[in-house]
Amino acid sequence: MTEQDFILRSYNTEIESGSVKWSSPSNIALVKYWGKRDNQIPENPSISFTLSDCKTITQVTYSKKSSSGLSFDVYFKGEKNEAFKPKIQTFFERIQIFVPFLKDYHFKIETSNTFPHSSGIASSASGMSALALCLMSIEQELSENYPKDFFNRKASFLARLGSGSACRSIEGELVVWGQNESTESSDLFGVRYSGEIHPNFKDYQDAILLVDKGEKQVSSTVGHKLMFGHPFAKERFSQAHHNLEKLKGVLASGDLETFIKIVESEALTLHAMMMTSMPYFILMKPNTLEIINRIWKYREENNSKICFTLDAGANVHVLFPKNEKSKVYDFIKSELVAYCQNGHYICDSVGEGAIKL
Ligand code: DP6
């Protein structure tokens, strides 16, 4: 598919006003997206677990207007929010060619997250995917014969233009994004991973340890740019291809030992890229390292399959199979909570993707 396939030339239904609502989850990458070209095209393929409980809920109320141009208001947790407007404005400008009805309506966007906004958890994936899905529902109402496959693809395509990782939040349980040899995925949108998935990965758990709840030290936009002219970029991009390929085998065989190696190495490589870019950044905190060391020790001593991954920040995602749930939460409570800011952590697990409300 090309970008052209997502341009709808005309609508065949007239609607004055209406309202749509979606709940869309966050996701956690196993093979990381880090580095992009113009138009949100990733430099390498990535794959993520879709989460279940960390979600954004967005309602879009639309009413026909006569004036030209984009018009919208944003409400966050019931209060008018000006701070979110510029990002949405940029998003709307980028996607307007693909959803031409945008200029015909005024939109009231009401949004809230199930997780604390200041938790340092990226809300752009759930936020942008929820908004993209609302726009797709409106487009569906304005058009006849809207195939479901196309709906999801275009929702992911639009979400990507808001925030790259958001394109992996439409479906579950695993989503691949980015051109590669062995899956049907594309640079333009994420697709549900259709390869074999061993029962070991069913209901995989993710405990998100909030080490630092502050604003991100480096925004992802700035972070991705650091990969331009990065001395190790070429090797990194090709490593991501290899890791995705290897992970496919692991997902089918249920080989948790190799899963751990790939996932932890991806997380550390992401941070290594930031430490070796110019300018350079250390996004881990001392407590991030304490947690990692304790996870390794616990794994060794308990023959556990627990592992960690990181986003572009200090928080730690602790991943583990469901059969270890109660033991791992005992371990988190007795040993790891001490390294979390105000003792905060979020219990999540792999989910099925966005839901229309
Ligand atoms: C480290 O999707 O937040 O979480 O496309 O600029 O919005 P933009 O970036 P974003 O980058 C996320 C990067 C990551 C890894 C990942 O989720 O794959």
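Just so you know, all these numbers are worked out from the coordinates, no wet-lab data involved. It should be emphasised that the depicted structure is a prediction, and the values quoted were computed from it without experimental measurement. In this analysis, Cβ positions are derived from the backbone assuming ideal geometry, glycine residues included, and neighbour counts consider all displayed protein chains.
Some observations on this one:
- Between 46, 23, 220, the Gaussian network model of the chain with springs among Cα atoms under 10 angstrom shows the greatest mean-square fluctuation at 220.
- When you count the other C-beta atoms within 10 angstrom of each residue and take the mean per peptide, 277-288, 159-170 line up highest first as 159-170, 277-288.
- Sorted largest first, extent of the stretch 268-357 alpha carbons per principal axis (Å): 43, 43, 27
- For residue 36, a cut-off of 16 angstrom between C-alpha atoms picks up these lysines, skipping any fewer than 8 places away in its own chain: 225, 234.
- Each of 250, 337 has some number of other Cβ atoms within 10 Å of its Cβ, and from fewest to most they run 337, 250.
- Computed 3J(HN,Hα) for the stretch 350-357, one whole-Hz value per residue from the Karplus formula 6.51 cos²θ - 1.76 cosθ + 1.60 where θ = phi - 60°, is 5, x, 9, x, 6, 10, 7, 9, glycine and proline marked x.
- Helix-derived mean residue ellipticity, 222 nm - over the chain, DSSP H n ≥ 4, -39500 (n - 2.57), to 500: -10500 deg cm²/dmol
- For the stretch 130-264: Kirkwood Rh in Å [reciprocal of mean 1/r, alpha carbons]: 17.3 Å
- By the count of other C-beta atoms within 10 Å, a proxy for reagent exposure, 154, 333, 87 are ordered fewest to most as 333, 87, 154.
- 3J(HN,Hα) from dihedral phi, the stretch 51-62, Karplus parametrisation 6.51/-1.76/1.60, rounded to Hz, x for glycine, proline: 8, 10, 9, 7, 9, 10, 10, 10, 10, 10, 9, 10
- Spherically averaged projected area in nm², based on the convex hull that wraps the Cα atoms of the stretch 204-349: 8.9 nm²
- Taking Cα atoms only, the orientation of helix 256-275 departs from the longest principal axis of the chain by about 70 degrees.
- For the chain, the longest principal axis of the alpha carbon atoms and the long axis of helix 233-253 meet at an angle near 80°.
- Annotation for the stretch 307-337 versus the stretch 49-101: alpha-carbon center distance of 34 Å.
- Angle between the chain longest axis and helix 148-162 axis [Cα atoms, degrees, rounded to 10]: 80 degrees
- For residue 52, nonlocal amide neighbours, meaning residues 5 or more places apart or on other chains whose placed amide H falls under 5 Å from its own, are 349, 351.
- Its Cα gyration tensor gives the stretch 186-283 an equivalent ellipsoid; the semi-axes, largest first and in whole Å, are 27, 18, 14.
- Those lysines that a straight Cα-Cα span of less than 17 Å connects to residue 297, excepting residues fewer than 8 apart in one chain: 261, 305, 327, 333
- Applying Stokes-Einstein at 4 °C and 1.567 mPa s to the Kirkwood radius of the stretch 52-162, computed over alpha-carbon pairs, gives a translational diffusion coefficient of 89 µm² s⁻¹.
- The C-alpha radius of gyration of the stretch 3-194, expressed as a fraction of 2.2 N^0.38 Å, stands at 0.98.
- Across all directions, the average projected area of the convex hull around the alpha carbons of the chain is 17.6 nm².
- 18 Å Cα-Cα threshold exceeded, pairs from 64/108; 248/325; 154/216: 248/325; 154/216
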